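So the structure is just underneath, and the comments pick up after that.
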Amino acid sequence: MVDLLLISFGAIFISNFVLARFLGICPFLGVSRKIETALGMGFAVIFVMTMASAITYGVQKLLVRHGLAEFLQTISFILVIAVLVQFVEMILRKTSPGLYQALGIYLPLITTNCAVLGVALINADPGEGYNFIQAMVNGFSGGVGFTLAIVLFAGLRERLEFAPLPKAMEGFPIALILAGLISIAFLGFSGFRLQALLGL
Amino acid sequence: MTTVIAAVLLLTGLGVLFGIGLAVASRKLAVETDPRVDEIEELLPGANCGACGYPGCRGLAEAIAGGSAPVNACPVSTDCGAIAEVMGVEALSCERRVAKVRCIGGKKEAKERFAYVGSKDCFAAHQLAGGPKACEYGCLGLGSCVEACPFSAITINENGLAVVDEEKCTGCGQCVAACPRDLIALLPPGDPVTVYCRNTEKGAVVRKICQTGCIGCGICVKQCDQGAITLENNLAVIDPVKCNRCGRCIAKCPVKVIQGAVVEETASAVSGG
């Protein structure tokens, strides 16, 4: 139980996918204009990352058994993620048209979100040695971390809309600087010794 | 060599497996869609401007096909006859409308109360003590409508006023909602005769703050033999349906706040008589 807590805290704060690992920057910048859409994207990513962690875990086991993991990992994981996103889209359209409409274009866009591929590769890393449950928790927490980052960022960007900025700084330039500043703020978590706090 | 074959086989196997899975899933999870939705979507402009109040052209096409929206619900499209045909109903009127900014009191004509240096947003300026203009009804010229226009049809001229390019305007109405002073209206195209002022203050007040503000004198009302002009709250209002574009009100308006294209024959008849 404690190991799961450590994994999720690590994935959300210490090595946040966006702000510490610098994965998934494209949607982070692309759909962070409004908090609403940022939340929608975040929830879609949580779902896909959790599912991708589960399925790629099985695929990884299969690859390792045949000794192909080294060079087949990336391509087969991308295949899995693409299929998964397609499948999720179909299920959502059938069962929950409301959510499907709310997520809209963001759902298929997740296919190219490198945070999803990132979590699959991290789970597959023998150095981490995650079991099935740990991998899923890592995927879920990674998604939560992504959502946290993008919602925080969207909130700040909404305020920036009305800030008196020099012409050259308007729009993306200031957004990039802002992203850097949030990343530096999250750097504060990197010295966090959760094990010591819990007395381990 | 065996590794290569194994890799190819494994990946092919996975691909085929997923392919079959998706094919089955798409059959099982297929959502029946109305074929008319696609046809109607083809006929819509496809700009996804949202002027109809639905999420994009697809949303409107679904609503029309579902019967919850009329066939002429798209304010941009001039092709509602074709949509009506798809739906098998009679076409309603689908006249084109263009936006007009009803204020001509720019920097030269209208006085300013204070210098505004805040954010370039009409709503922000409007909320700051009623805006920098002495006239609380006039165009602030900060370009909220310019931002809102998905077709780049609005510009701010050198006099600090928003003007609409009739050629580019599609009548989507985004700017109407974007103006904090309700200055923009959708009117028939071809420069209709319009009162370019929204100030409802008494004449004496208007005269002090703007050279081209409607003073509510009522001369235009007397000039109009079509009964198209009425005076509401010290402000002349022209009904574009009744107006025959004779242009007499334009000629007689003491503050030159009525403007528009005049139909030639009638105008010469007036000047001749």
Out of the residues in the stretch B:125-158 that are part of a helix (DSSP H, G or I) and out of contact with any Pro (no Cβ under 9 Å at 6 or more places or on another chain), which is nearest to B:Pro45 (Cα to Cα)? B:Ala148
Out of A:Phe146, A:Phe132, A:Phe87, sole residue that is of a type in the set (Phe, Trp, Tyr) and within 14 Å of chain B (Cβ to nearest Cβ): A:Phe87
Residues that are touching a Ser or Thr at 6+ places or on another chain (Cβ under 6 Å) and more than 11 Å from chain B (Cβ to nearest Cβ): does the stretch A:70-78 have at least one? no
Report yes if some residue within the stretch A:157-165 is under 24 Å from A:Thr37 (Cα atoms), among the acidic types (Asp, Glu) and assigned to a loop (DSSP other than H, G, I, E, B); otherwise report no. yes
Based on this model, can you work out whether A:Leu117 counts as at pLDDT 90 or above, away from every other protein chain (no Cβ under 13 Å) and within 23 Å of A:Phe132 (Cβ to Cβ)? yes
Filter the stretch B:31-44 for residues that are without any contact (Cβ under 8 Å) to a residue 24 or more places away in the chain and in contact with a Lys or Arg (Cβ under 8 Å, 6 or more places away or on another chain); which is surrounded by the most Cβ atoms within 10 Å (Cβ to Cβ)? B:Glu41
Considering only residues that are open to solvent by less than 20 Å² (accessible area, probe 1.4 Å) and away from chain A (no Cβ under 14 Å), look in the stretch B:111-133 and name the one that is modelled with the lowest pLDDT. B:Gly130
May I ask you to list the residues in the stretch A:56-77 that are surrounded by fewer than 16 Cβ atoms within 10 Å (Cβ to Cβ), without any contact (Cβ under 8 Å) to a residue 40 or more places away in the chain, within 20 Å of A:Tyr130 (Cα to Cα) and of a type in the set (Val, Ile, Thr)? A:Val64
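Report yes if A:Thr111 is more than 10 Å from chain B (Cβ to nearest Cβ), assigned to a helix (DSSP H, G or I) and buried (at least 16 other Cβ atoms within 10 Å of the Cβ), otherwise no.
Details: more than 10 Å from chain B (Cβ to nearest Cβ): yes; assigned to a helix (DSSP H, G or I): yes; buried (at least 16 other Cβ atoms within 10 Å of the Cβ): yes.
Judged against the criteria, A:Thr111 is a match.
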B:Gly88, sole failed condition from (1) modelled with pLDDT of 80 or more; (2) over 22 Å from B:Thr170 (Cβ atoms); (3) open to solvent by less than 70 Å² (accessible area, probe 1.4 Å): (1)
Condition first: assigned to a loop (DSSP other than H, G, I, E, B) and not aliphatic (A, V, I, L, M). Can you find one or more residues in the stretch B:7-14 that meet it? no
Restrict the check to the stretch B:122-143 and report whether at least one residue is under 13 Å from the mean Cα position of the chain (by Cα) and in contact (Cβ under 8 Å) with a residue 12 or more places away in the chain. no
If A:Arg159 meets every condition in (1) of a type in the set (D, E, K, R); (2) within 14 Å of chain B (Cβ to nearest Cβ); (3) touching a residue at least 24 places away in the same chain (Cβ under 8 Å) apart from one, which number is that one? (3)
Within the stretch B:10-20, can one find any residue that is touching a Gly at 6+ places or on another chain (Cβ under 9 Å) and either open to solvent by less than 30 Å² (accessible area, probe 1.4 Å) or more than 9 Å from every other protein chain (Cβ to nearest Cβ) (or both)? no
In the stretch B:163-184, how many are touching a helix residue (DSSP H, G or I) at 6+ places or on another chain (Cβ under 7 Å) and within 27 Å of B:Val263 (Cβ to Cβ)? 1
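The values are calculated or read from the model by the stated rules, or taken from the named source; none is laboratory data. A quick note: this is a predicted structure, and the numbers were derived from the prediction, not measured. Reconstructed Cβ throughout: ideal geometry from the backbone, glycine too, with neighbour counts over all protein chains shown. Calculation scope for accessible area: heavy atoms of the full protein, side chains included, ligands and nucleic acids excluded. Shrake-Rupley method; radii C 1.70, N 1.55, O 1.52, S 1.80 Å.
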